[in-house]
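The values are calculated or read from the model by the stated rules, or taken from the named source; none is laboratory data. It should be emphasised that the depicted structure is a prediction, and the values quoted were computed from it without experimental measurement. Heads up, the Cβs are rebuilt from the backbone with ideal geometry, glycines too, and the neighbour counts pull from every protein chain shown.
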Amino acid sequence: MNNKIKLAVAGAVLSAASVANAGIIIPAGDWTIDINGNVNAFATWTNADNHAAEVTGGLASNQDATGEDNTQGINTGLLPSWLGFTGTTRQNDLDVSFTISMQPGVSENSATGDNGSTGAYAATLWRQAFITFGDKSWGTVKLGKDLGIFAGQAILNDMTLLGVGGGAGNSGAVTTLGGIGSGYIYPAWKGQISYTTPNMNGFTATIGITNPNQGQFGDSVAFSTSAVSGTVSTVAAELYQDRFGVEGQLMYEWTGEVSGKVWASGATYDSTAKADLAGNAATTSALSDSYTAHVYDIGAAVTVGNLGLVGYYYNGDGVGTTFMGSNGVFTAADGNLNTRDSDGGYVQATYVIPTGTKLGVSWGVSNLDTASGEASAANALVDSNERWTVGAYHPLTKHLNLVAEYNDMDSEGHGAGLQDESSSFSLGAILFF
């Protein structure tokens, strides 16, 4: 890595796919082992306007339980601390590799600092465990857990990958949100089998199936039983995928005085909701519905000298906002699941000044519409999460960056006057190896 560390370096850490950004190289017989990763930590100061969240699905932070609107925390940023092991070899005319990585946190909220083992406060994540094989003449096959194909480029080109972005108020969590939910949907870490074509004069295509994670569309939906039984009541039903997800991407990259890439990706999933009414067949049959969720995006990243520009847009139906499937459907009076449309994107500009410091500004928004038959008046469902980020990323050494960011988050609900707002400032450092 050179002194002017680019965002692509952070992307390489995530994907463990770039030899040029290799870490510690160890020859081991037929294998070459690459030990790579990062360590980062940030102090964050967050100011929130409201004591209780007014907006369901809003990302703006709220006051704590005591009504304090100023909170502080020490946390990793959008990119968790990372330790990855990649082995590569050439056997029987095939390039073969494996990658296994873990992501420990730097802070959590228990009295001893040792109890964060589950959920948002998990002490260690395990985001990668995959193998690849192929040849430059016909392409590469990947099997295992890695970053999702859809929206992967959106997060890898987000400048807050080197910093904090949104979600700074979640003290003790393993990561913050960056631009997730305020510009793009989280691509997540998924079991997958995918194929990527060879590089054809800068053009590549990827297609794959992903694991039908039960938590991927893990929202509960409320079914009304009144239409069937005459009794006004609701029951919760879990959404789950009932087939492999399908994801794909097209990308074209070029080099020169003006370098960059353009890409488009998409995904589709089938999801079903069923409610168990204690064996009441008369109503159970009416309390089940399925739908297909689909989403696409398009983006571009261009570098001209010291100036970097990124533009990104996504549009989907039934995929919700922030996390894939979250708040993606509404239960109509007839018991059917009506999908909600969503879209959003972000624009970003960075510039490297003579000191080597990269200055950046980014604006992003994620919008979620109401579904057919869903009232908007007094509806607390999030209408939009909008974010502004201003950041400075200074290479103190060729591996170590000092980072300062200011983030402003505005969450608005569909109902009139429903709004949460917060702002945060963060200072810290990230070291790559």
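A few remarks follow.
- Exclusive hit being modelled with pLDDT under 95 and within 25 Å of residue 429 (Cβ to Cβ), set 178, 167: 167
- For residue 318: the one exception among (1) at pLDDT 95 or above; (2) under 30 Å from residue 242 (Cβ atoms); (3) of a type in the set (Gly, Ala, Ser): (1)
- Residue satisfying all of: in region 147-188; among the small types (Gly, Ala, Ser) and not in a loop (DSSP other than H, G, I, E, B); farthest from residue 402 (Cα to Cα) among these: 152
- Residues of region 9-33 classified as buried (at least 20 other Cβ atoms within 10 Å of the Cβ) and either of a type in the set (Gly, Ala, Ser) or modelled with pLDDT of 90 or more (or both), total: 5
- Filter result for residue 72 (part of a strand (DSSP E or B) and surrounded by fewer than 16 Cβ atoms within 10 Å (Cβ to Cβ)): yes
- Only one of the listed residues (246, 258, 262, 302) is under 18 Å from the mean Cα position of the chain (by Cα) and modelled with pLDDT of 60 or more. That residue is 246.
- Extreme residue, nearest to residue 302 (Cα to Cα), among residues of region 336-379 that are of a type in the set (Gly, Ala, Ser) and in contact with a Leu (Cβ under 6 Å, 6 or more places away or on another chain): 349
- Within region 29-51, residues that are free of Cβ contacts under 8 Å to residues at least 24 places away in the same chain reach partners that are among the small types (Gly, Ala, Ser) and surrounded by fewer than 18 Cβ atoms within 10 Å (Cβ to Cβ) with beta carbons closer than 8 Å, at six or more positions or on different chains, in the pairs 51/67.
- Of all residues in region 322-360 being hydroxyl-bearing (Ser, Thr, Tyr) and part of a strand (DSSP E or B), the one that is surrounded by the most Cβ atoms within 10 Å (Cβ to Cβ): 346
- Check on residue 395, at pLDDT 95 or above and farther than 27 Å from residue 74 by Cα: no
- Residue satisfying all of: in region 194-206; over 15 Å from residue 145 (Cα atoms) and in contact with a strand residue (DSSP E or B) (Cβ under 8 Å, 6 or more places away or on another chain); surrounded by the fewest Cβ atoms within 10 Å (Cβ to Cβ) among these: 202
- Any hit, region 141-155, residues being modelled with pLDDT of 95 or more and closer than 18 Å to residue 429 by Cα: no
Matching residues to (1) at pLDDT 90 or above; (2) out of contact with any Leu (no Cβ under 6 Å at 6 or more places or on another chain); (3) within 30 Å of residue 383 (Cβ to Cβ); (4) not in a loop (DSSP other than H, G, I, E, B):
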{"site": "77", "(1), (2), (3), (4)": "yes, yes, yes, no"}
{"site": "88", "(1), (2), (3), (4)": "yes, yes, no, yes"}
{"site": "112", "(1), (2), (3), (4)": "no, yes, no, no"}
{"site": "129", "(1), (2), (3), (4)": "yes, yes, no, yes"}
